[in-house]
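Written below as structure tokens is the structure these notes are about.
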Amino acid sequence: MAKNRPQAKVIDFGTARKHVKPATEAKATGTSQPKPFLETWLKNHEDSQSVVQENLSLKQQKRRLEEERDSLIPSIPESTLYYTAIFFGLIITMSWLIGSLLWGKS
Amino acid sequence: MWLGIVLSLLTMFFWALSDVLLKVASVHFDVHPVLFISLTSLVSALVLLLIAGPGTRGINTLRSPHTWSYGTMNVVQDMSQMFALVYVTATVMNFMNRLTIPLSLLLSFIFLRRKPNRYDLIGVIPVMLGLWFIGTNISEDIRIPALFWLVFSAVASILCAMIGETHPESLAANDIPTKARVTGYVVMTCSACFLLAMWIMAAAKSAMPEAIQGFGWLPTYEDFLNPSTFLFAVALGFTVMPFALYFFFQATRVAKNEVFMMISSLLPFMTFAMEWLFSKAGLLDIYQLKTTDLLFGTLIVAGALIMVYGRHKHQQT
């Protein structure tokens with residue numbers, strides 16, 4: 001019976017102490033090979049940072065879009081604006097010329 | 001150095017020519033000042049855009065509130081000069097335009113806390129004396145409206161310069177085509193808005209003449225259809241104005257700021273030479289211009305030169 005009895009766990013402090021590494025040794029090991037927890041934490045932190053950045057840029061984009069929506073001037077290509085301005089200027093000048101020639105009193 | 005001086009002189013030549021032609025238009029061709037200036041600005045903006053070609057900064061220019069305030073002030077300044085030219089010669093107008101010197105000193109002291117230096121204080125005395133004497137030399141029956149438009153023009157000019165110095169798109173524009181394009185967009189939009197507003201006013205004047213009786217300066221449909229307004233404005237807008245702006249851009253790029261300021265203070269004399277030539281050709285009558293005006297004008301220019309020298313010395317130290 002006594003033989004079948006499970007052996008009681010006895011803490012052998014002497015042996016346990018042998019397994020404890022000195023603090024400097026532990027630190028050195030920690031730097032060279034990060035423990036899984038630290039790795040995960042760092043990865044999560046980086047992920048959250050990128051999410052924050054992404055949110056910020058999305059907010060900026062949203063604000064720009066809102067500004068553009070509020071603005072009277074729509075977002076059109078620069079070349080379209082240029083040719084529209086030229087066309088607009090020519091139309092005013094030409095219609096003024098025609099008006100002066102047809103109905104103007106010299 | 002010499003190229004900068006030549007370009008600055010060319011700018012002055014075209015500025016003087018445009019002022020004298022504005023005087024000729026206001027005296028001989030009975031043009032409506034607001035319509036004439038708006039159409040001249042629109043045509044010169046069109047030429048500037050054609051010279052510049054398509055490119056960047058257009059949308060941002062139009063979205064900037066600076067654009068609208070600068071453009072409005074620019075057109076208002078030109079119009080007030082045109083109204084002033086009805087009463088005084090282009091030479092006197094250019095001398096009196098130096099009202100900007102004491103006014104800008106005062107405004108920058110009040111709003112920007114910028115203290116004037118010793119040369120500013122010495123220079124501003126002959127400028128003020130010259131302005132006072134030329135002002136009192138203007139015939140008594142036209143003095144009040146003439147001075148009103150001259151002061152109005154000087155204030156508009158200062159505001160224009162202040163807004164122009166802080167215009168983000170204008171400051172970011174480094175090369176000549178971009179500057180021409182930005183200026184073209186600014187001037188075209190504002191002059192077109194002025195023309196539209198004047199058209200609405202003319203329609204209102206035609207529809208209810210009793211209600212707008214007090215606003216005699218507003219144009220009528222007949223003013224729009226005056227062939228002289230169209231022909232003179234298009235000629236000036238196509239030939240003189242774009243050249244004046246082009247040489248101004250080039251001169252401010254090549255010449256040092258002090259060199260350009262020094263040469264620009266000689267503008268009234270260039271205008272006088274131009275007016276004299278026009279009067280010899282029988283296109284202009286400059287009987288109003290007195291020898292004392294030129295003497296007091298010399299006092300103004302001397303004061304302005306002292307101030308330019310002071311700025312130059314201050315920058316060297």
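The values are calculated or read from the model by the stated rules, or taken from the named source; none is laboratory data. Nothing here was measured: the structure is a model prediction, and the numbers come from that model. Heads up, the Cβs are rebuilt from the backbone with ideal geometry, glycines too, and the neighbour counts pull from every protein chain shown. Each accessible area value is taken on the protein alone, full model and side chains, heavy atoms only, with ligands, DNA and RNA left out. Shrake-Rupley method; radii C 1.70, N 1.55, O 1.52, S 1.80 Å.
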Name the residues in the range B:287-306 that are open to solvent by less than 30 Å² (accessible area, probe 1.4 Å) and either acidic (Asp, Glu) or touching a Ser or Thr at 6+ places or on another chain (Cβ under 8 Å) (or both), would you? B:Leu289, B:Asp293, B:Gly297, B:Val301, B:Ala304
With the condition kept exactly as written, say whether any residue in the range A:79-96 is out of contact with any Gly (no Cβ under 9 Å at 6 or more places or on another chain) and modelled with pLDDT under 85. no
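I'm trying to understand the selection: among the residues of the range A:27-62, which are out of contact with any Leu (no Cβ under 9 Å at 6 or more places or on another chain) and modelled with pLDDT under 70?
Listed by number, the residues that qualify are A:Lys27, A:Ala28, A:Thr29, A:Thr31, A:Ser32, A:Gln33, A:Lys35.
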Filtering the range B:289-317 for residues that are among the charged types (D, E, K, R) and modelled with pLDDT of 80 or more leaves a count of 1
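Return the total of residues in the range B:275-286 being assigned to a helix (DSSP H, G or I) and open to solvent by less than 50 Å² (accessible area, probe 1.4 Å).
Residues meeting the conditions: 3.
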Take the conditions charged (D, E, K, R) and open to solvent by 60 Å² or more (accessible area, probe 1.4 Å) and apply them to B:Lys205. Does it pass? no
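Per-residue answers, yes or no, for (1) of a type outside the set (Asp, Glu); (2) more than 20 Å from B:Met241 (Cα to Cα); (3) touching a helix residue (DSSP H, G or I) at 6+ places or on another chain (Cβ under 8 Å):
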position	(1), (2), (3)
B:Leu46	yes, no, yes
B:Leu49	yes, no, yes
B:Pro65	yes, yes, no
B:Ser69	yes, yes, yes
B:Asn74	yes, no, yes
B:Met82	yes, no, yes
Might you let me know whether the range B:248-265 holds any residue that is modelled with pLDDT of 85 or more and either over 30 Å from B:Leu131 (Cα atoms) or in a loop (DSSP other than H, G, I, E, B) (or both)? no
Hits in the range B:175-229 - residues which are outside any helix (DSSP H, G or I) and within 14 Å of chain A (Cβ to nearest Cβ): B:Pro219, B:Thr220, B:Leu225, B:Asn226
If we only count helices (runs of 4 or more DSSP H) wholly inside the range B:34-148, which ones have 1 or more residues that are within 14 Å of another protein chain (Cβ to nearest Cβ) and over 21 Å from B:Leu295 (Cα atoms)? B:58-63, B:65-85
